[in-house]
């Protein structure tokens, strides 16, 4: 049975396993008929998942429309986060653009409010612009959004912008990229989150599919919702490192893909993790993760040390 955790400093409680809409809307994980996608979303809810993360860039709004149709009769029972400010590699965090994007998202969702609005890869100019934070505050006062936060990219870009925003603003959701095989960037945010008593949501816990049950198939797909594809050289090294990780999960009765999720959820500042969900059988596998004990601090320390050594693979 899934556990639930508080999201940041908000009053929201989210399932430890969330659902990122990029798998159903982008076309990169195969083509889903509308009824198939909606059926999977409803089965995810039945499995205990109440947190759904989306972006207007997911299928040019398709992800939001699917959520609107799947949960039209359960809108107050699900928590939806969407994003503003980044599209086709271009940033626009002007107040007018943010307002327009929010109104369009609300129309696609068929909702009067967004639970958590995230700035999508904000740059230094955006984070330092008082007008942006004012329009977010205004949208919250108007009831169009309940909370706001930031979503940061998989690379090193945005680290300082993210940490500055975390300390300066009362963010409800902070989404970062982090997994067993790619810890460097995500780990920069954990101390800050601990310092300010904040929590985060994590995407790409399976490192583009390397840590899934069928990596030969999964790694043909993008690494995360940004639709960035892993380089072949990285995949080759990562696959050998993943093969050396049995000591992490076998004694605990978990599979590799479950251990990858439990590793992330063992961080006390993590509220929810967003694996790529595109098959019904994944719902039972991922939902069962809550039944296992977290890794201890000693175990996390050993994993960190082995990560530093490349898990024994050059």
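The values are calculated or read from the model by the stated rules, or taken from the named source; none is laboratory data. Since we're looking at a predicted model, the values are computed, not measured. Glycine also receives a Cβ, built like all others from the backbone with ideal geometry; neighbour counts cover every protein chain displayed.
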| in a helix (DSSP H, G or I), touching a helix residue (DSSP H, G or I) at 6+ places or on another chain (Cβ under 6 Å), closer than 13 Å to residue 180 by Cα and touching a residue at least 12 places away in the same chain (Cβ under 8 Å) - does that describe any residue in the stretch 297-312? | yes
| task | Collect the residues in the stretch 137-194 that are touching a helix residue (DSSP H, G or I) at 6+ places or on another chain (Cβ under 9 Å), within 18 Å of residue 106 (Cβ to Cβ) and surrounded by fewer than 22 Cβ atoms within 10 Å (Cβ to Cβ), keeping them in residue-number order. | result | 138, 144, 146
| So which residues in the stretch 157-188 are more than 22 Å from residue 241 (Cα to Cα), free of Cβ contacts under 8 Å to residues at least 40 places away in the same chain and in a loop (DSSP other than H, G, I, E, B)? | 157, 158, 169
| message | Name the single residue that is farthest from residue 270 (Cα to Cα) among those in the stretch 1-26 being assigned to a loop (DSSP other than H, G, I, E, B) and under 12 Å from the mean Cα position of the chain (by Cα). | response | 21
| field | Sole exception among (1) crowded, with 18+ Cβ neighbours inside 10 Å; (2) touching a residue at least 60 places away in the same chain (Cβ under 8 Å); (3) touching a helix residue (DSSP H, G or I) at 6+ places or on another chain (Cβ under 8 Å); (4) closer than 27 Å to residue 236 by Cα for residue 213, by number | value | (1)
| field | Filtered residues of the stretch 27-53 (kept if crowded, with 22+ Cβ neighbours inside 10 Å, assigned to a loop (DSSP other than H, G, I, E, B) and out of contact with any strand residue (DSSP E or B) (no Cβ under 9 Å at 6 or more places or on another chain)) | value | none
| field | Residue list for the stretch 107-139, restricted to those being modelled with pLDDT of 95 or more, part of a helix (DSSP H, G or I) and touching a strand residue (DSSP E or B) at 6+ places or on another chain (Cβ under 7 Å) | value | 109, 136, 139
| note | Checked the stretch 63-89 for anything farther than 23 Å from residue 32 by Cα, crowded, with 21+ Cβ neighbours inside 10 Å and free of Cβ contacts under 8 Å to residues at least 40 places away in the same chain; matches are 84, 86
| note | Exception for residue 193 within (1) closer than 23 Å to residue 9 by Cβ; (2) in a loop (DSSP other than H, G, I, E, B); (3) touching a strand residue (DSSP E or B) at 6+ places or on another chain (Cβ under 7 Å) falls at (2)
| Residue in the stretch 220-232 that is touching a residue at least 12 places away in the same chain (Cβ under 8 Å), buried (at least 20 other Cβ atoms within 10 Å of the Cβ), more than 16 Å from the chain's Cα centre (by Cα) and not in a loop (DSSP other than H, G, I, E, B) present | no
| Given (1) loosely packed, with under 14 Cβ neighbours inside 10 Å; (2) within 19 Å of the chain's Cα centre (by Cα), number of the condition residue 281 does not satisfy | (2)
